[in-house]
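Here the structure is laid out as structure tokens; the discussion comes afterwards.
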Amino acid sequence: MPGACVIVGAGRAGSSFQAALTVVGWKSALVPGRSATGLHLADVDLVLLAVPDAAIAAVAAAVPLADAVVAHVSGACDLDVLAPHERVGSIHPLMSLPDAETGSRRLLDHCTFAVDGDSLMTELVAAVGGVAIEVPGPQRALYHATATIASNHLTALCAQVESLAAEVGVPVDAYWALMSTTLDNIADIGPAAALTGPAARGDWDTIRTHLAALPADDDRRLYLALCTRAADLAGEEFDATDFVY
């Protein structure tokens with residue numbers, strides 16, 4: 001049964017959740033974090049805190065005590081930041097939410113959510129057609145670190161690719177296509193089987209040539225760090241200290 005929700009925090013996550021919940025029939029109100037103290041929670045099933053992690057405890061403490069579940073959308077925080085409320089939970093989408101329209105569409109597209117606490121979290125995931133995975137407090141930091149590597153660090157790597165593509169004069173779209181097919185291969189056969197390139201075949205001379213060609217020390221450090229991991233994945237002996245640049 002659809003419920004009623006107050007979403008505290010009108011940023012990308014909060015607005016994405018509101019749009020998605022509205023589509024599936026929930027009544028939802030979106031308010032800024034500073035309005036938590038003035039909330040009227042009669043007939044409200046859920047207060048969802050979509051505020052920065054550092055602000056969750058203060059905002060939760062400002063929410064009036066009521067029968068509603070108070071939950072956050074943080075991937076890293078435990079439930080203790082939601083004191084003094086008795087019914088608490090967390091629901092974190094394993095998905096990037098760049099804006100309300102795109103975010104809502106992604107939340108409704110069989111999204112995976114890390115949940116903890118009150119059973120309403122699992123019910124909410126089911127309402128939007130998602131997949132709920134229980135991630136308890138002690139595992140949340142590692143869960144979120146993995147999500148950061150998968151999304152934010154991949155974005156940083158793409159920024160390096162974009163910069164180097166411009167340096168060599170090759171359209172960056174060609175590299176995006178390469179990355180896309182690589183991810184497809186990984187999904188099909190796994191990282192170890194999908195790995196190609198000089199580190200995978202022990203071609204250290206090519207790696208030295210690459211290091212000499214890269215334009216900046218930051219590029220070389222990142223290249224060597226990832227070569228080390230690639231060689232390990234391929235079962236090759238690799239010592240980054242042997243490569244001077």
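The values are calculated or read from the model by the stated rules, or taken from the named source; none is laboratory data. These figures come from a predicted structure and were not determined experimentally. Note that we place each Cβ from the backbone using ideal geometry, even for glycine, and neighbour counts take in every protein chain shown. Heads up: the accessible areas ignore ligands, DNA and RNA and are worked out on the full protein's heavy atoms, side chains in. Shrake-Rupley method; radii C 1.70, N 1.55, O 1.52, S 1.80 Å.
In the context of the full protein assembly, L214 retains an accessible surface of approximately 30 Å², using a probe radius of 1.4 Å and ignoring ligands and nucleic acids.
Given (i) 36; (ii) 13; (iii) 17 as candidate values of percent of Cα pairs over 33 Å apart, which corresponds to the one derived from the coordinates? For percent of Cα pairs over 33 Å apart, the calculated option is (i). Surface composition of region 126-211: carbon plus sulfur atoms hold 63% of the accessible area, using a 1.4 angstrom probe and ignoring ligands, DNA and RNA. Other residues within the sphere of radius under 11 Å centred on the Cβ of T122, judged by their own Cβ, net out at -4 (K and R +1, D and E -1). Solvent-accessible surface (1.4 Å probe) assigned to W176 amounts to roughly 90 Å².
Computed from backbone phi, the HN-Hα couplings of region 215-225 come to x, 9, 4, 4, 5, 5, 4, 5, 4, 5, 4 Hz, rounded to whole numbers (Karplus: 6.51 cos²θ - 1.76 cosθ + 1.60, θ = phi - 60°; Gly and Pro given as x). Solvent-accessible area of D242, all protein chains in place: 100 Å² (probe radius 1.4 Å, heavy atoms, ligands and nucleic acids excluded). Placing unit charges on the Cβ atoms of the charged side chains and taking the dipole of the chain about its Cα centre, the candidate lying farthest along the positive direction among A42, L222, L233 is A42.
Distant-in-sequence amide contacts of A29, defined by a placed amide H-H separation under 5 Å and a gap of 5 or more residues or a different chain, comprise C5, V6, I7. Equivalent ellipsoid of region 46-164: semi-axes from √(5λ) of the C-alpha gyration tensor, largest first, are 27, 16, 13 Å. Gyration tensor analysis over the Cα atoms of region 132-191 returns equivalent ellipsoid semi-axes of 30, 15, 7 Å (largest first, whole Å). For E167, neighbours were defined as the other residues whose beta-carbon sits under 14 Å from its Cβ, and their charges (Lys and Arg +1, Asp and Glu -1) total -2. When only alpha carbons are used to place a centre, region 23-85 and region 187-240 end up 45 Å from one another.
For the residues H110, H144, H153, a 1.4 Å probe over the protein chains yields an accessible-area ranking, largest first, of H110, H153, H144.
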